[in-house]
Amino acid sequence: MLAMNKRYRCLCVILLWSVLRVSPASTQPLAAPEIDPEKPLQFQADRLEAFTRDNRIVLTGTVVAWQDNWKLFSDTMAIDYVRNTEKTQTSTDTGNGSKETTDKTAGRDTLGQAARNVRQVTAEGHVVIHFQTSVARTDTAVFDRSSGLLILQGEKTTLTTPESSISGQRITLNQHTGTVAVEGSADAPVEAFFQPETDPASAAETKQGQ
């Protein structure tokens with residue numbers, strides 16, 4: 001019975017969050033940060049290692065990554081990408097009236113490949129993500145581009161907006177549906193705070209009556 005109660009309590013919080021995820025001043029639902037392949041993906045760190053055979057780039061030490069609509073800070077970050085293996089043909093004039101055709105494999109620019117063809121990003125250690133008007137704080141953040149899921153996991157994972165704050169051990173944001181799922185445990189149940197919407201007229205009357 002205890003497990004059922006905890007599950008029911010967590011489910012209630014998830015449903016409330018789905019209903020209240022739209023702020024009074026905005027018609028846009030809360031959505032996970034999206035890595036847009038059409039826009040520049042920028043990052044900086046103390047150290048960068050490229051593992052070309054594994055199609056992975058690892059950043060360590062004061063890592064910052066950003067696009068125009070989000071910014072992420074962490075201690076380390078691993079970027080797994082899909083390598084472009086398409087071959088392109090180039091023709092070279094040999095000087096005797098004939099041309100020599102050679103095949104070249106596209107995608108030798110490792111950093112460019114990582115920025116354009118991201119498959120998954122994993123950030124660890126003091127992770128902070130700023131997106132829209134929200135801030136997420138966690139130990140580990142994993143963004144999977146194909147599923148559109150951003151998974152935040154850690155002892156005190158929090159997601160804060162101007163109207164609400166929610167915390168748990170695992171928070172999953174779905175980019176495709178704009179929904180949020182929060183999971184806790186027996187030792188660390190889900191906690192949530194929602195700021196009630198204030199009617200401007202009522203607020204003005206209350207202020208005048210004081």
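Values for this structure:
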quantity	calculated
Residue ID - farthest from Val142 (Cα to Cα), chosen from residues in segment 165-207 that are at pLDDT 85 or above and of a type in the set (Gly, Ala, Ser)	Ala192
Of residues in segment 137-164 being touching a Pro at 6+ places or on another chain (Cβ under 9 Å) and at pLDDT 90 or above, the one farthest from Glu191 (Cα to Cα)	Phe143
Test: residue in segment 94-106 that is assigned to a strand (DSSP E or B) and modelled with pLDDT of 60 or more	no
Test set (1) under 23 Å from Gln195 (Cβ atoms); (2) part of a loop (DSSP other than H, G, I, E, B) - Ser146 fails condition number	(1)
Members of segment 146-165 found to be more than 16 Å from His130 (Cα to Cα), of a type in the set (Gly, Ala, Ser) and touching a Ser or Thr at 6+ places or on another chain (Cβ under 8 Å), listed by number	Gly154
Qualifying residues in segment 149-180 (those that are part of a loop (DSSP other than H, G, I, E, B) and touching a Gly at 6+ places or on another chain (Cβ under 7 Å)) - the one surrounded by the fewest Cβ atoms within 10 Å (Cβ to Cβ)	His176
Pair list, Cβ under 7 Å, 6 or more apart: segment 103-132 residue over 25 Å from Leu149 (Cβ atoms), other residue at pLDDT 65 or above and basic (Lys, Arg)	Gly107/Arg83
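The values are calculated or read from the model by the stated rules, or taken from the named source; none is laboratory data. Quick caveat: nothing in here was measured; it's all calculated off a predicted structure. Cβ sites come from the backbone with ideal geometry, for glycine too, and all protein chains shown count toward neighbours.
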